[in-house]
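Let me begin by presenting the structure, written as structure tokens, before commenting on it.
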Amino acid sequence: MTTPSILLKDLKFSYKPHHNKPAPLVLNIDELEILSGEKVFLYGPSGHGKSTLLNILAGVLEVKTGHVEVLGTNLHDISQGARDHLRGENVGYIFQIFNLIPYLNIRENIVLPCLINKKRAFGVDFYAQADELIETLGLTDHAEKNVTDLSIGQQQRVAAARALIGNPKLIIADEPTSSLDEKNTTEFMNLILNEWEKRRFTLVFVSHDTSLKKYFPRTISLPDINKI
Ligand code: ADP
Ligand code: MG
């Protein structure tokens, strides 16, 4: 039987109240299940709680009400420190703005998650994997280049490689193509989906751009499942 990678039940989330004003409910989701190895497109207009949901799944934001299970662990049952470890070892996160480290070169940026979290790279020759990814990106002759010398499209593909290094079980992408033109969006999608074919991680891909639906066998409208 395929196990769930993500299981949410009766999730309710608000940010902290400000100046005694009650905080509005941002998320109210009865149930969401994403199976291990699924690739899912989650869409909805800006302000509908997409990034909030991803931060909950990554264990960055803590949920007080509801069941949040990620990779077989109930995030309620573990400390913030343990959630940080779970993320560092098992989750690759791709942001809208790439968050590459400007003073590190391409290879150094890509291997960084494995240097920070030793268990992420367990049993993986991550320098060899980084070189394979760099070859896939067509940057073999530039691996020592500063990331700031790359185009925006190339930088975002390096950010994807950094998320993929060490074979994390879950890849979360938060509007990763929204700063890219059409050509670079297509290249980015091809990269991430080719890697999915090889590694079969769970992919939760968020965007407001519904033209990307065509790449995914399963699409979820956040406004449809979020009863706020
Ligand atoms: P999306 O990613 O779909 O654009 P967000 O999850 O960023 O939506 O935001 C959902 C709602 O939560 C918005 O109303 C936003 O203003 C609010 N929000 C987001 N981050 C915070 C925060 N750190 N503190 C308070 N409110 C926030
Ligand atoms: Mg967002």
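The values are calculated or read from the model by the stated rules, or taken from the named source; none is laboratory data. Note that the structure is predicted; figures quoted are calculated from it, not measured. Because the Cβ atoms are built from the backbone with ideal geometry, glycine has one as well, and the counts that use them run over all protein chains shown. Ligands, DNA and RNA are excluded from the accessible area calculation, which covers all protein heavy atoms including side chains. Shrake-Rupley method; radii C 1.70, N 1.55, O 1.52, S 1.80 Å.
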Could you tell me which residue of the range 193-228 is farthest from ligand 2 (Cβ to nearest atom), considering only residues that are part of a loop (DSSP other than H, G, I, E, B) and open to solvent by 50 Å² or more (accessible area, probe 1.4 Å)?
200
Count of the range 10-64 residues which are within 13 Å of ligand 2 (Cβ to nearest atom), over 18 Å from the mean Cα position of the chain (by Cα) and surrounded by fewer than 20 Cβ atoms within 10 Å (Cβ to Cβ)
3
Could you grab me the full set of residues in the range 13-58 that are modelled with pLDDT of 95 or more, out of contact with any Leu (no Cβ under 6 Å at 6 or more places or on another chain) and more than 13 Å from ligand 1 (Cβ to nearest atom)?
30, 31, 34, 35, 36, 37, 38, 40, 41
If you take the residues in the range 168-187 that are more than 19 Å from residue 43 (Cβ to Cβ) and in contact with a Phe, Trp or Tyr (Cβ under 7 Å, 6 or more places away or on another chain), which one is least open to solvent (accessible area, probe 1.4 Å)?
168
Residue 79 - would you say it is among the hydroxyl-bearing types (Ser, Thr, Tyr), without any contact (Cβ under 8 Å) to a residue 12 or more places away in the chain and open to solvent by 50 Å² or more (accessible area, probe 1.4 Å)?
yes
Among (1) open to solvent by less than 20 Å² (accessible area, probe 1.4 Å); (2) under 26 Å from residue 86 (Cβ atoms), residue 134 falls short only on (2)
Give the range 88-106 a look and list any residue that's open to solvent by 60 Å² or more (accessible area, probe 1.4 Å) and more than 15 Å from residue 170 (Cα to Cα), or say none.
96, 97, 99, 102, 103
Would you mind stating whether residue 201 is aromatic (Phe, Trp, Tyr), at pLDDT 95 or above and under 27 Å from residue 117 (Cβ atoms)?
yes
